[in-house]
């Protein structure tokens, strides 16, 4: 899977699709958010939901896969991308989740872009930093 | 937030309110997809189910995502008015509950005393 772009490569994590990847990603990006002056709680929750969605849904019926988390500052924003090489966003009638992850991400981030195909899903989020942060 | 997530600590206590007993479960740490099943399993155990009434005190939960919230909603659905959650003001947990707008569904209270009073009132209404 394609690595992080140079612009947002302060953090570049390759994680397995397992529950422990959620706190690992949240911790790493949370520390960067704190250093950058972003709303750490918002970033932590959004990252937790995005990685959690990938772990729960992206690899149903498949063995293995990779979740890549990239984060870095872009001007007055912290940009975070969570990308998986799973099955894409498809209905999951047996979902163990609440189904609010994507809605939460949209409310927490200043801007959210989601791209999904049969090759996987990419969630890109930006959060204001410094004086721009809430 | 630590690089390696600390194990979730869960304390279980009993309180007596009038003629009723209430189980108070206090998770300590971060609550997410990696450990929400631990809390869910404890809530389903005889240890937590013995009293019928349950309070989850979330004031020592430093982070919670929708995986943890799902466990609370399931517990609230099973126990109805015999369930309440104690939520610290302006905490990360309070923010999540506000964002998803479920304070009423989990019978959120600001203190254990308030939660106990709610359950006591519910027990009295139900004749127990």
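Quick one: what does P(r) look like for chain B with 10 Å bins over all Cα pairs, in whole %?
13, 49, 31, 7, 1
Given the -39500 (n - 2.57) contribution per DSSP H run of 4+ residues, what per-residue ellipticity at 222 nm results for the protein assembly as shown, rounded to the nearest 500 deg cm²/dmol?
On the way: 8 runs with 92 residues, N = 262.
Only helices count here, giving -11000 deg cm²/dmol.
For the stretch A:1-88, go through all pairs of different Cα atoms, get the mean of 1/r, take its inverse, and jot down that Kirkwood value in Å. Don't skip to the answer; put the middle values down first.
Numbers: mean 1/r = 0.0772 Å⁻¹.
It is 12.9 Å.
By how many degrees, between 0 and 90 and to the nearest 10, does the Cα long axis of helix A:40-57 differ from the longest principal axis of chain A?
Compared with the principal axis, the helix lies near 10 degrees.
Mind checking the log10 I(q)/I(0) for the stretch B:26-86 at q = 0.23, 0.24 Å⁻¹? Debye, one equal scatterer per Cα, no solvent, two decimals.
-0.95, -1.03
Taking Cα atoms, how many degrees apart are the long axis of helix B:112-125 and the longest axis of chain B, rounded to 10 and kept between 0 and 90?
40
Could you give me D for the stretch A:1-52, from Stokes-Einstein at 4 °C and 1.567 mPa s, where the hydrodynamic radius is the Kirkwood radius over C-alpha pairs? Units µm² s⁻¹, please.
Value of D from the Cα-based Kirkwood radius: 113 µm²/s.
So for the protein assembly as shown, considering every pair of alpha-carbon atoms, how many percent are separated by more than 24 Å? Spell out each step's value before the answer.
Working: 16698 of 34191 pairs.
Roughly 49 percent, once rounded to a whole number.
Take every DSSP beta bridge with both residues inside the protein assembly as shown and express the antiparallel ones as a percent of the total, to the nearest 5.
Values: 37 of 50 bridges.
Beta bridges within the protein assembly as shown, antiparallel portion: roughly 75 percent.
Taking the 0 to 90 degree range and rounding to the nearest ten, how far is the long axis of helix A:21-36 tilted relative to the main principal axis of chain A, both from C-alpha atoms?
With rounding to tens, the tilt is 10 degrees.
Across the stretch A:22-134, what fraction of all alpha-carbon pairs, as a whole percent, falls in each successive 5 Å bin from zero upward?
Reading the bins upward from 0: 2, 13, 25, 24, 18, 10, 6, 2, 0, 0.
All of the numbers you see were taken from the coordinates with simple rules; none came from a lab. Quick caveat: nothing in here was measured; it's all calculated off a predicted structure.
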